[in-house]
Amino acid sequence: MSLWQQLPISHRYAALPQSFYTRVMPTPVDNPRWVTWNAPLAASFGLGETPDDIWQQIFSKGAMPDYFQPLAMKYAGHQFGAYNPALGDGRGLLFGAIADQQGRWFDVHLKGAGLTPYSRMGDGRAVLRSTIREYLGSEAMAALGNQTTWALGMMVSDTPVYRERVEQGALLIRLAETHIRFGHFEHFFYTGQHDDLRLLADKVVEWHFPELESSSASPREPVYLAMFEQIIKRTAGMIAFWQAYGFAHGVMNTDNMSILGQTFDYGPFAFLDDYDPHFICNHSDYQGRYAFDMQPGIGWWNLTALAQALTPLVDKGELETALQTYTVQLNQEYSRLIRSKLGLQQRRDGDSELCDALLKLMADNRVDYTLFFRRLSCLDQQPPELVTSLFENQAAAQPWLRQYLARCEQETDSTGQVRTVAQRCQLMRQVNPKYILRNYLAQQVIEAAEQGDFQPLEQLITVLRAPYDEQPQHQHYAELPPAWGKCLEISCSS
Ligand code: AMP
Ligand code: MG
C-alpha cells in the first residue's frame, strides 16, 4: 500500500467551480524512474526515506489512484508587461493538497506532466536541466531562510523532449502552500467573472489568511483589503530578501507571483557572483525588465496589476493607499537584513551612507557578493586582506573598511559593553552564507546528470542545506567561480 494513501488529502481546489480549472490526466512517459528524493521534506509528511512506486505507476501506465484528482489550473497574467489572457498551467497538474505533521496544507503539483488545455504551443514537458535548477533553487532558498516552494522529488524518463536540441524529460513533484498566483485574480477580473473573483478571494482568505476572517458575515470589503495588505507585506519581504541575498528571479511575470509571497517558478534565476546591480540573468530579457535592481519596482508594478484585478471587490482609493506601504515595508526589511549582514544592530547616523558607499564600491570593483559578506564575517579569524583582495582596486576598499571597523566599535551589547569582534562575527556568520547556489555549480551537476550521474547533484544539495555552516570538507564549493562560470547564458527555454 502506498504511504500517500494514508496522508490527509484535501481536494479543496477541485471543489471550486469548473471555471477555475480543467481536469486532466497526465500523459504517460517511457520508463519513468526516480533520480532524487527529498527525504527530509518527505519525513515532515510521514512519507518514506525513499519514494514509493505509486508515481511510477501513474506515469508509466496512466493508472490514477482515487485519492488524487489531477487538474490544470486556469490563470492569466502580465508577461513582460503585456497582458496575456491565454495562460493557465500548460505543463503542471495539481493533484490535491496534503497536510504535514503539524497540520499545514501543501499543494502537490507535478511539473512536466504532459499537455493540458493551456499548453498553447508547448509540449507539456519539462527538461532535466531546468528541473534540476528548480530543485536546487528551492532547496537553496529554503535553507537561506526565505519563503519558497519546495521540491519533493524528481523523475526522469526515456521520452525525448525537443528544445534547441533533444533533451531528457523530467518530472518534478513540487509542494507549495499555494499555487494561486496574482494571475488567477487577473483572469477573473479581465473576463468579467466577478462572482468567481469574489469566491477566489473568499477561498484565499479561508485557506491562507484565516486570521483575517471577521466574525460577522458582512461587510467583506475590509477583509479583502486586509488580504491585499498581507499580499503586499509578504511580497515586499520576499523581494527584500532577494535583494539582500543577491537573488535574481529572472521572470517576474504576474503568473509567477505567488499570493503568499513565496519564491515561485524558478526559471532562469541566478544568485549574483560579482555584485552587478544591473545584472540580467535571463538571456531572453533583452530590455532588462527583470534586471536585479529592477526587482523592487517590478514587485510594485505586479502588485498594481493585482490591485487592478481587485477593484470590483475593494474601493480603488483604499487599494492605492495600501500600495503605498509596499516601498516602505520593502526598504525597512531590506535595511534590517543588510544591517544584520554588516553586524550593525544599533542605528547610528551615517549607517545608510556607509551601506550605499559599500554597494557602489562593490559594483565598481566587481566584488563577489557572497564571499565579501562571508569574509567580513570572519574578521575574528582571518586577516582583513582577504576582504580587500576581493576588490579590483584594493586601495579603494581600505578607507571603507577602516570606517566600517570604527563604526563596529560603537556597537554595544544589552549591558552597554562594547561587542567584541568575535561576538559580532559569530552573529554575522549566521546571516551571511558561505555556500550559495552559483550558476556554475548548477551547471556542473546538470552536465553530470545528463550523463546519468546524479551523485554530484545529491552532494550539492547536501552542501546547500547548511549554507551558514563552515563544512570545511566542502570548502571548494565556496571558492570564487571560474571565469567560464560567470558568463553562462540561461534562457527561458525549459
Ligand atoms: P513559465 O515561463 O515557465 O512560467 O511559463 C509560462 C506559461 O507557459 C505557463 O502557463 C506555463 O504552464 C506555460 N508553459 C511553459 N512551458 C511549457 C511547455 N513546455 N508546455 C506547455 N506549457 C508551457
Ligand atoms: Mg510560470
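For segment 105-142, which positions are under 27 Å from residue 451 (Cβ atoms), near ligand 1 (Cβ under 10 Å from one of its atoms) and among the hydroxyl-bearing types (Ser, Thr, Tyr)?
Matches in segment 105-142: 130 only.
For segment 93-104, state whether one or more residues are touching a residue at least 24 places away in the same chain (Cβ under 8 Å), within 14 Å of ligand 2 (Cβ to nearest atom) and β-branched (Val, Ile, Thr).
Within segment 93-104, none of the residues are touching a residue at least 24 places away in the same chain (Cβ under 8 Å), within 14 Å of ligand 2 (Cβ to nearest atom) and β-branched (Val, Ile, Thr).
Yes/no per residue for (1) surrounded by fewer than 15 Cβ atoms within 10 Å (Cβ to Cβ); (2) more than 29 Å from residue 295 (Cβ to Cβ):
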{"site": "30", "(1), (2)": "yes, yes"}
{"site": "37", "(1), (2)": "no, yes"}
{"site": "44", "(1), (2)": "no, yes"}
{"site": "49", "(1), (2)": "yes, yes"}
{"site": "55", "(1), (2)": "no, yes"}
{"site": "67", "(1), (2)": "no, yes"}
{"site": "87", "(1), (2)": "no, no"}
{"site": "94", "(1), (2)": "no, no"}
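Just to be sure, is residue 235 farther than 16 Å from residue 146 by Cβ, among the hydroxyl-bearing types (Ser, Thr, Tyr) and either open to solvent by 10 Å² or more (accessible area, probe 1.4 Å) or more than 16 Å from ligand 1 (Cβ to nearest atom) (or both)?
Details: farther than 16 Å from residue 146 by Cβ: no; among the hydroxyl-bearing types (Ser, Thr, Tyr): yes; either open to solvent by 10 Å² or more (accessible area, probe 1.4 Å) or more than 16 Å from ligand 1 (Cβ to nearest atom) (or both): yes.
So residue 235 fails the test.
For segment 391-421, how many residues meet the condition of being of a type in the set (Gly, Ala, Ser), closer than 28 Å to residue 469 by Cβ and surrounded by 11 or more Cβ atoms within 10 Å (Cβ to Cβ)? Step through it out loud before you land on a result.
First, pick out the residues of segment 391-421 that are of a type in the set (Gly, Ala, Ser): 395-397, 406, 414, 416.
Those left that are additionally closer than 28 Å to residue 469 by Cβ: 397, 414.
Narrowing the set further to residues that are surrounded by 11 or more Cβ atoms within 10 Å (Cβ to Cβ) leaves 397.
Within segment 391-421, residues that are of a type in the set (Gly, Ala, Ser), closer than 28 Å to residue 469 by Cβ and surrounded by 11 or more Cβ atoms within 10 Å (Cβ to Cβ) number 1.
State which residue pairs qualify: first residue closer than 15 Å to residue 88 by Cβ and inside segment 6-29, second residue surrounded by fewer than 16 Cβ atoms within 10 Å (Cβ to Cβ) and β-branched (Val, Ile, Thr) in any location, beta carbons under 9 Å apart, and separation of 6 or more residues or different chains.
19/191
Within segment 105-122, can you find the residues that are of a type outside the set (Phe, Trp, Tyr) and away from ligand 2 (no atom under 14 Å from the Cβ)?
Those that are of a type outside the set (Phe, Trp, Tyr) and away from ligand 2 (no atom under 14 Å from the Cβ): 107, 108, 110, 113, 114, 115, 117, 121.
Which count do you get for residues in segment 239-265 that are touching a strand residue (DSSP E or B) at 6+ places or on another chain (Cβ under 9 Å), open to solvent by 10 Å² or more (accessible area, probe 1.4 Å) and either within 16 Å of ligand 2 (Cβ to nearest atom) or farther than 13 Å from residue 436 by Cα (or both)? Quick ask: steps written out before the conclusion?
Pass one, segment 239-265, residues touching a strand residue (DSSP E or B) at 6+ places or on another chain (Cβ under 9 Å): 241-242, 245-251, 253-260, 262-265.
Checking the rest, the ones that are also open to solvent by 10 Å² or more (accessible area, probe 1.4 Å) come to 241, 245, 251, 255-256, 265.
Now restrict to residues that are either within 16 Å of ligand 2 (Cβ to nearest atom) or farther than 13 Å from residue 436 by Cα (or both): 241, 251, 255-256, 265.
Going through segment 239-265 one residue at a time, the tally reaches 5.
Pick out the one residue from 475, 455, 459 that is closer than 22 Å to residue 341 by Cα, surrounded by fewer than 16 Cβ atoms within 10 Å (Cβ to Cβ), without any contact (Cβ under 8 Å) to a residue 60 or more places away in the chain and outside the structural domain of residue 248 (by TED's automatic domain parsing). Quick ask: steps written out before the conclusion?
Details: 455 fails: closer than 22 Å to residue 341 by Cα; 459 fails: closer than 22 Å to residue 341 by Cα.
Unique residue meeting the criteria: 475.
Mind checking which residues of segment 266-283 are in contact with a helix residue (DSSP H, G or I) (Cβ under 9 Å, 6 or more places away or on another chain), assigned to a loop (DSSP other than H, G, I, E, B) and more than 16 Å from ligand 2 (Cβ to nearest atom)? So that I can check it myself, show each step before the final result.
Kept after step one, since they are in contact with a helix residue (DSSP H, G or I) (Cβ under 9 Å, 6 or more places away or on another chain), are these residues of segment 266-283: 266-281.
Going one step further and asking which of them are assigned to a loop (DSSP other than H, G, I, E, B), we end up with 266-269, 272-273, 275-281.
Across segment 266-283, the qualifying residues are 272, 273, 275, 276, 277, 278, 279, 280.
For segment 337-353, what are the residues that are assigned to a helix (DSSP H, G or I), in contact with a Lys or Arg (Cβ under 9 Å, 6 or more places away or on another chain) and open to solvent by 10 Å² or more (accessible area, probe 1.4 Å)?
Filtering segment 337-353 for residues assigned to a helix (DSSP H, G or I) gives 337-342, 351-353.
Of the ones still in play, those that are also in contact with a Lys or Arg (Cβ under 9 Å, 6 or more places away or on another chain) are 339, 342, 351.
Within segment 337-353, 339, 351 meet the criteria.
The values are calculated or read from the model by the stated rules, or taken from the named source; none is laboratory data. All values reported here derive from a predicted model rather than from experimental measurement. Cβ coordinates were reconstructed from backbone atoms using ideal geometry, including for glycine residues, and neighbour counts include every protein chain displayed. Only protein heavy atoms, including side chains, enter the accessible area calculation; ligands, DNA and RNA are left aside. Shrake-Rupley method; radii C 1.70, N 1.55, O 1.52, S 1.80 Å.
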